[in-house]
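The values are calculated or read from the model by the stated rules, or taken from the named source; none is laboratory data. Because the structure is predicted, anything quoted here is derived from the model rather than measured. Every residue, glycine as well, gets a Cβ built from its backbone with ideal geometry; the counts of neighbours run over all protein chains shown. The area values use the complete protein model at the heavy-atom level, side chains included, leaving out ligands, DNA and RNA. Shrake-Rupley method; radii C 1.70, N 1.55, O 1.52, S 1.80 Å.
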Amino acid sequence: MKLHVLHCGSILVSERVPFGDGVNLRNTAGELLAPAKSRVKLPVCCYLIEHSQGPILVDTGWCRAVSPAGAYDPRAVARLLPPHLAALFHPELGPGEAVREQLAARGLRPEDLACVILTHLDPDHVAGLRDLTGARRIVLPEDEYFWACRTVYKKRQPWSLWKDAPIERLFYRGSPLGPNRWAIDLFGDESVQLVNVPGHTDGQAAVIVRNGGRFVLLAADAAFAPRNWREDIVPGFGFDESFQRKSLAWLREMEAEPGCAEILCSHDPDSLPRTIEF
Ligand SMILES: [Zn+2]
């Protein structure tokens, strides 16, 4: 099986976002608006899986409208995101980086995808949906959709980015996998499983892609780098710190499994665009 790591833009955020360890909205809301020079630039990773059912895309990154000319464009960002999210993410999408452009470079149209998996509904993971009109199947855990309509998620996950997309909502079921023992077996053969890793958001899914005895685990934003689970450093600004810790503990367990080829985080600067065969 082949899995391609794609960089679909970047975010420029406070360094407390990846390694905040206890930093949350109540104790350091100001960090979200930190000046640009004190921030870290992180990639926004998506993944293209060459699967026997057809190509599968995991997450969609930023859409072209966020950087129409391929560079940081605050006016374009303001058209897409409310001010607090524009300030938090400082998003940028370079030339050729939009997911649709990267698919086209591989000779693929959105309708050629067997499935688009959304790990969660934060804008850096779903904005690219608007460039994927024609995609036949877009799936999301129902638990993520449920919470997106409630509480602070309404401020964090603008409906305009995903509400009109034909999203198929799938239910987590009991499973041996994950900190919550909740997973979705996408094709019923354990080759692609969405595993609930709560904390960053309640419904967030990690994705396990399995080929025989080997697997790659896409951790989404349960961790920002291996350091998070290896040193037990909780990323900042999660929704529930105790659930974040449980999700990190599970990633630590999974890394120790003999079949683990790699664990990839959506915003790890060391996760470079490349192809992984396993
Ligand atoms: Zn993210």
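Peptides 30-39, 208-217, 8-17, 66-75 ordered by packing proxy, namely the average of other Cβ atoms within 10 Å per residue, highest first: 8-17, 208-217, 66-75, 30-39. The range 72-99 and the range 10-43 have Cα centres separated by 16 Å. Remark: the chain carries 42 Å² of accessible area per residue (probe radius 1.4 Å; ligands, DNA and RNA excluded).
Once C-alpha pairs closer than 8 Å and six or more residues apart are averaged by separation and normalised to the residue number of the range 6-109, the relative contact order reads 33 percent. You can think of it this way: the chain between residue 84 and residue 27 has 18.8 nm of extra reach, that is 0.36 nm per residue less the Cα-Cα gap. Modelled spin labels at residue 262 and residue 106, positioned 7 Å past Cα toward Cβ, are 1.3 nm from each other.
Summary value for the chain: 21 percent relative contact order, contacts being C-alpha pairs under 8 angstrom separated by 6+ residues. Rounded to the nearest whole Hz, the Karplus-based 3J(HN,Hα) values (6.51 cos²θ - 1.76 cosθ + 1.60, θ = phi - 60°) of the range 242-253 follow the sequence 5, 5, 4, 5, 5, 5, 5, 4, 5, 4, 4, 4, with x at glycine and proline.
Note that the range 13-26 has calculated 3J(HN,Hα) couplings of 10, 4, 5, 6, 5, x, 9, x, 6, x, 6, 9, 5, 6 Hz, one per residue in order, obtained from phi through the Karplus relation 6.51 cos²θ - 1.76 cosθ + 1.60 (θ = phi - 60°); glycine and proline are x. Using θ = phi - 60° in the Karplus curve 6.51 cos²θ - 1.76 cosθ + 1.60, the 3J(HN,Hα) couplings for the range 59-66 round to 6, 10, x, 7, 8, 4, 4, 6 Hz; x is entered for Gly and Pro. Using bins of 10 Å that start at zero, the share of Cα-Cα pairs per bin across the chain amounts to 7, 32, 40, 19, 2, in whole %. Using the structure shown, select from 2/154; 37/246; 37/163; 41/246; 2/155 the pairs with a Cα to Cα distance greater than 29 angstrom. Where the Cα-Cα span goes over 29 Å, the pairs concerned are 2/154; 37/246; 37/163; 2/155.
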